[in-house]
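Accompanying notes for the structure given below.
The values are calculated or read from the model by the stated rules, or taken from the named source; none is laboratory data. Everything numeric in this text was worked out from a predicted model, so none of it was measured. Cβ placement follows ideal geometry from the backbone for every residue including glycine, while neighbour counts extend to all protein chains displayed. Side chains are part of the model used for accessible areas, which takes the heavy atoms of the whole protein and leaves out ligands, DNA and RNA. Shrake-Rupley method; radii C 1.70, N 1.55, O 1.52, S 1.80 Å.
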Amino acid sequence: KTRDLSGCDYALIVFCGHGWHSTATDSTCVVLREGQEIDSVELRLANAAETLVLDCCRKKGPWIPTARTLDEKLAKAGPRINPEDCRKYYDKRIQECDGGLVVMYACSKDEFANDDSEKGGLYSYNLLSGSKGWARNSSTDTSKTASFLSVVGAHEEAASLIRQSGVRQTPHIEKPRTDPYFPFGIVA
């Protein structure tokens, strides 16, 4: 429940599953389990810096239960690099951001978010794949500095990978006009 996060400085909330766009409220509703839905507006924290990732359809369709979880996908995300330094730089970058809300959608209104039995949700899969590729290609001298992949950069990379795959899905983002944006990946 989001009220448990009311005292936090920053929240990264990720939902992977089924959803649909409500024209009545002009927002995305997410299906927690069969028969239980919530409007994603309820996941937006008042007066807190937040990134909300919604890897779900934005068009009404049949609910299909899935056994894949984000934990399974994150377990395949690759090795961590200097965890203590990454955390230190992550916290520092969040403090440098002006706050606000970033909402990353797997698709545009009236589109389905595609998934795959091996990869799970293609948007979250490509967020992680793009981030891993960014980290692998980094030439950062970690003894002197750190590199950041912002949530906006991660979204743009995932959107590019989805376009290249030819899947009919158009990721969408709502974000403040100016950066710095919240960090998604760090090489430290």
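A Cβ distance below 7 Å, combined with a sequence gap of six or more or placement on separate chains, defines the contacts here; from the stretch 176-188, residues that are closer than 11 Å to Lys132 by Cα reach residues that are of a type in the set (Phe, Trp, Tyr) and outside any loop (DSSP other than H, G, I, E, B) in the pairs Gly185/Trp134; Ile186/Tyr89; Ile186/Tyr90; Ile186/Phe148.
Within the stretch 126-135, the presence of a residue that is buried (at least 22 other Cβ atoms within 10 Å of the Cβ), under 16 Å from the mean Cα position of the chain (by Cα) and in a strand (DSSP E or B) is excluded. Here Asp110 fulfils each of the conditions (1) open to solvent by 80 Å² or more (accessible area, probe 1.4 Å); (2) touching a helix residue (DSSP H, G or I) at 6+ places or on another chain (Cβ under 8 Å); (3) among the acidic types (Asp, Glu) apart from (2). Taken over the stretch 28-64, the criterion of being within 27 Å of Pro180 (Cβ to Cβ) and open to solvent by less than 30 Å² (accessible area, probe 1.4 Å) is satisfied by Thr28, Ser40, Leu43, Leu45, Ala48, Ala49, Glu50, Thr51, Leu52, Val53, Leu54, Asp55.
Within the stretch 159-175, if we keep just the residues that are part of a helix (DSSP H, G or I) and touching a residue at least 40 places away in the same chain (Cβ under 8 Å), the residue that is nearest to Ser27 (Cα to Cα) turns out to be Ile162. Considering the stretch 152-181, and only residues there that are among the polar types (S, T, N, Q) and closer than 17 Å to Asp110 by Cα, the residue that is least open to solvent (accessible area, probe 1.4 Å) turns out to be Gln169. For the stretch 113-124, the set of residues classified as surrounded by 23 or more Cβ atoms within 10 Å (Cβ to Cβ) and among the hydroxyl-bearing types (Ser, Thr, Tyr) consists of Tyr123, Ser124, listed by residue number.
Being in contact (Cβ under 8 Å) with a residue 60 or more places away in the chain and in contact with a helix residue (DSSP H, G or I) (Cβ under 7 Å, 6 or more places away or on another chain) is the filter here, so list the residues in the stretch 123-158 that pass it. Walk me through how you get there before you give the answer.
Going through the stretch 123-158, the residues in contact (Cβ under 8 Å) with a residue 60 or more places away in the chain turn out to be 123-124, 127, 142, 146, 151.
The answer is Tyr123, Ser124, Leu127, Ala146.
Looking only at residues in the stretch 95-125 that are polar (S, T, N, Q) and more than 18 Å from Tyr181 (Cβ to Cβ), which one is nearest to the chain's Cα centre (by Cα)? Among them, the one singled out is Ser124. Looking at Tyr105, Tyr125, Tyr181, just one residue is touching a Pro at 6+ places or on another chain (Cβ under 7 Å) and at pLDDT 90 or above, and that residue is Tyr105. Using the structure shown, decide if Ser138 is at pLDDT below 90, part of a loop (DSSP other than H, G, I, E, B), open to solvent by 80 Å² or more (accessible area, probe 1.4 Å) and not basic (Lys, Arg). So Ser138 fails the test.
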